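Enquirer: After the structure tokens below, expect a handful of questions from me.
The values are calculated or read from the model by the stated rules, or taken from the named source; none is laboratory data. Please read these numbers as outputs of a predicted model, since none were measured by experiment. Please note: Cβ atoms are built from the backbone with ideal geometry, for glycine as well, and neighbour counts cover all protein chains shown. Heavy atoms of the whole protein, side chains included, go into the accessibility calculation; ligands, DNA and RNA do not. Shrake-Rupley method; radii C 1.70, N 1.55, O 1.52, S 1.80 Å.
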Amino acid sequence: MPELAADSMLRDAAMVVGKDLRLEWRSRVTFSQILPFALLVLILFAFALDPDRRILEEATPGLFWLAVLFSMLLAIQRAYAVETADGVIDALRLSDLDPAGIFLGKAAGIGLHLLVLEIVLFLGVTVLYGATPHGGLLIVVTMVLATAGLAAAGSLYGVLAAGLRVRDTLLPILMLPVVAPVLIAGTEAFSAAYADASGEGWKWCGLLAAFSVLYLAIGIFAFEPLLEES
Amino acid sequence: MTSPSTDTGAGLLRRHPDGTASRGSRILGIVLLVSVAVFLYVALIASEPDKSLDAQGQLVRIMYIHVPSAIGCYTAFFVTAVASAMYLWKRTTGWDALAASSAEIGVIFVILTLMSGSIWGHTTWGTWWEWDPRLTSTALMFVLYVGYLALRRAILDPTSRAKQSAILGIIAFINVPIVHYSVDWWRSLHQTATVASLDPQIDGLRLFALMFGMVVAMMLYVWLMMHRFRLAFAEAALEAKGLDLALAERRAEARADGGAVPPSVHTEGAS
């Protein structure tokens, strides 16, 4: 009996994300390199903005999301570095996995890494910058929606840059303008949560949701031709 | 990929063998030159300065260049998106060359838009840069398409480059409204006082200057495109020819070494 396309897509996605999580478990690159980098960024922000003058506390939402974007670039580069080394990408092309499934799997892997990074960064800004949030639910929803959008766009642009010699320098210039709306929406929603005005924050979640859905859709359709050429 | 033919066009569009010009592009170029002169006369001298309620005065003249160049860049990026979609459908070099040429000219128009907007802002707001939603989203659009051009330079294999850029060309255009609306929304929250923006009430010669400016911008776009497209097409032909030449040379070397000539040479462009 032929399998439903969506079923095989999700099964392939689960295989890819399982592989990526196993890789991380064994190599601990995110844990031992990207996570410390993210915390370092928080400390560097404190050097740039005098911690005594409350600027840090006021700027917490923006600084949080900036730290997420910088760490995201590393997470995406790592996610595709494991695919391009040793000709793995050829194996992936020959593997008969559904390309849309590979896309979703890579996106889910990047998303899970990002979520962990965000939780640590969130604890970081709470402890280091002394900012206390009020709207807990808004914070969680914003994080989940923004992560979905960043992961989808990251998975897409990651494969676009993957095969190139200049991928490390090209990825930021391709990705950062694209995810600028996520930075805006994430920052505004967080600002609302910190200012105890969650009502204003929710409409930014709408923008984040639309962004995520759009990029998941583009990725599902565009990943196959991009994978062929990477 | 179908390799580019050596056909140089027909009729008015028959290309000069040594260049990118044709009779058609020369005629358009002359018309464009005259139009630019007329446009500059109307926009800078003949039309009245703005004396309406929120008077822009002489500053209104910047609009005659600013608005047409903004429309020029949107047109150019739209053409890039359409040509990218057409490439993915037809897979012919021409569509890829069209998308690439249009993006390049679009970036020039964006730079013009940003510069004229910034000069206007300097005299109106007193600063070269204000976080005006339109200015900000235009700046992001500029970086988006610089990224597109950077991707084109980064991929050596022509087919691979065409396909990947085509996908990016479409995604970049989808991004334009998202960026535009999110920035718009972002600024509308923070703006305390209404910042004067560059859209005064106009009529008469001023309206004519604006409309004619748009026509001139479109003509300039078409004229630049004719040359840039032909150049891109010639580049593609040269790339294909260069590969054939390199293959022939390697075969000749193999023959000179006395080795057997391989029946077929597998080539794969590095990317």
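Enquirer: To the nearest 100 Å², how much accessible surface do chains A and B hide from each other in total, with a 1.4 Å probe?
Expert: 2600
Enquirer: A follow-up question, please. With a 1.4 Å probe on protein heavy atoms only, tell me which residues of region B:147-164 lose at least 40 Å² of accessible surface in the complex relative to the chain by itself.
Expert: B:L151, B:A154, B:K163, B:Q164
Enquirer: Another question, if that's okay. Within region A:206-225, whose backbone N sits under 13 Å from a point 7 Å along Cα→Cβ of B:R91?
Expert: From region A:206-225, the list is A:225.
Enquirer: I've got another one for you. Amide H to amide H under 5 Å from B:Q56: which residues, 5+ apart in sequence or cross-chain, H placed 1.01 Å off N in plane?
Expert: Amide H neighbours of B:Q56, under 5 Å, 5+ apart: B:D50.
Enquirer: With all protein chains present and a 1.4 Å probe, how do A:F64, B:F173 order by accessible area, largest first?
Expert: B:F173, A:F64
Enquirer: Leaving ligands, DNA and RNA out of it, report the carbon-plus-sulfur percent of the accessible area of region A:5-229 at a 1.4 Å probe.
Expert: 68
Enquirer: Let me ask something additional. Mind checking the dipole of region A:67-143: about its Cα centre, +1 per Lys or Arg Cβ, -1 per Asp or Glu Cβ, Debye to the nearest 20? Display every interim value, and only then the final one.
Expert: Working: 3 positive and 6 negative charges, 56 e Å.
Computed about the Cα centre, the dipole is about 260 debye.
Enquirer: If the cut-off is 21 Å between C-alpha atoms, which lysines fall inside it for B:K241, apart from same-chain ones fewer than 8 positions away?
Expert: Answer for B:K241, where 21 Å is the Cα cut-off: B:K163, listed by chain and number.
Enquirer: Normalised by the number of residues in region A:5-229, what is the relative contact order in percent for Cα pairs under 8 Å and 6+ residues apart?
Expert: That works out to 27 percent.
Enquirer: 5 Å is the cut-off here: which amide hydrogens, built 1.01 Å from N in the peptide plane, fall below it relative to B:W125, excluding neighbours closer than 5 in sequence?
Expert: HN-HN under 5 Å from B:W125: empty list.
Enquirer: Let me ask something additional. Quick check: pseudo-label points 7 Å beyond the Cα along Cα→Cβ at A:V213 and B:A46, how many nm apart are they?
Expert: Once both label points are built, they end up 5.2 nm from each other.
Enquirer: Sort A:V82, B:V36 by heavy-atom solvent-accessible area, probe 1.4 angstrom, most to least.
Expert: B:V36, A:V82
Enquirer: Students often forget the sequence filter, so: which lysines lie under 27 Å Cα-Cα from A:K19 once same-chain residues fewer than 8 apart are removed?
Expert: The qualifying lysines are A:K106.
Enquirer: Ok, one more. Probe 1.4 Å, all protein chains in place: accessible area of B:Y41 in Å², nearest 10?
Expert: For B:Y41, solvent-accessible area is about 130 Å².
Enquirer: Given the convex hull over the Cα atoms of region A:80-211, what projected area results after averaging over all orientations, in nm²?
Expert: 8.9
Enquirer: Something else about it: Under 8 Å for C-alpha pairs, at least 6 residues apart: give me the relative contact order for region A:120-230, rounded to a whole percent.
Expert: Details: 112 pairs, mean separation 45.3, N = 111.
Rounded, it is 41 percent for region A:120-230.
Enquirer: Select from region A:193-207 all residues whose loss of accessible area on going from the chain by itself to the full protein assembly reaches 50 Å² or more (probe 1.4 Å).
Expert: Buried by 50 Å² or more upon assembly, which counts only protein chains, are A:K203, A:W204.
Enquirer: Once R0 is set to 41 Å, what does the formula 1/(1 + (r/R0)^6) return for the Cβ-Cβ distance between A:E228 and B:A256, expressed as a FRET efficiency to the nearest 0.05? Walk me through the numbers on the way to the answer.
Expert: On the way: r = 38 Å, r/R0 = 0.92.
Once rounded, the FRET efficiency stands at 0.60.
Enquirer: Okay, moving on. Relative to the compact globular guide of 2.2 N^0.38 Å, what is the alpha carbon radius of gyration of region A:109-176, as a ratio?
Expert: Normalised Rg, Cα atoms only: 1.36.
Enquirer: Rounding to the nearest 10 and keeping the result within 0 to 90°, find how far the Cα-based axis of helix A:55-84 lies from the longest principal axis of chain A.
Expert: 10
Enquirer: Okay, moving on. Once Rh is set to the Kirkwood radius over Cα pairs, what Stokes-Einstein translational diffusion coefficient, in µm²/s, holds for the protein assembly as shown at a temperature of 20 °C and a viscosity of 1.002 mPa s?
Expert: This corresponds to a translational diffusion coefficient of 84 µm²/s.
Enquirer: What is the distance, in nm, between label points placed 7 Å from the Cα along the Cα-to-Cβ direction at B:T127 and at A:R54?
Expert: If labels sit at B:T127 and A:R54, their model points lie 2.2 nm apart.
Enquirer: Could you give the nm distance between label points at A:V140 and B:L207, where each point is 7 Å from its Cα heading toward the beta carbon?
Expert: 5.8
Enquirer: Working only with C-alpha atoms, what are the Rg and Dmax values of region A:5-229, expressed in angstrom?
Expert: 17.7, 57
Enquirer: Ok, one more. For A:L44, what accessible area in Å² do you get when you roll a 1.4 Å probe over the heavy atoms of the protein chains, rounding to the nearest 10?
Expert: 90
Enquirer: On to the next question. Calculate, for the protein assembly as shown, the solvent-accessible area per residue in square angstrom, rolling a 1.4 angstrom probe over the heavy atoms of the protein chains.
Expert: Counting only protein heavy atoms, the per-residue value for the protein assembly as shown is 49 Å².
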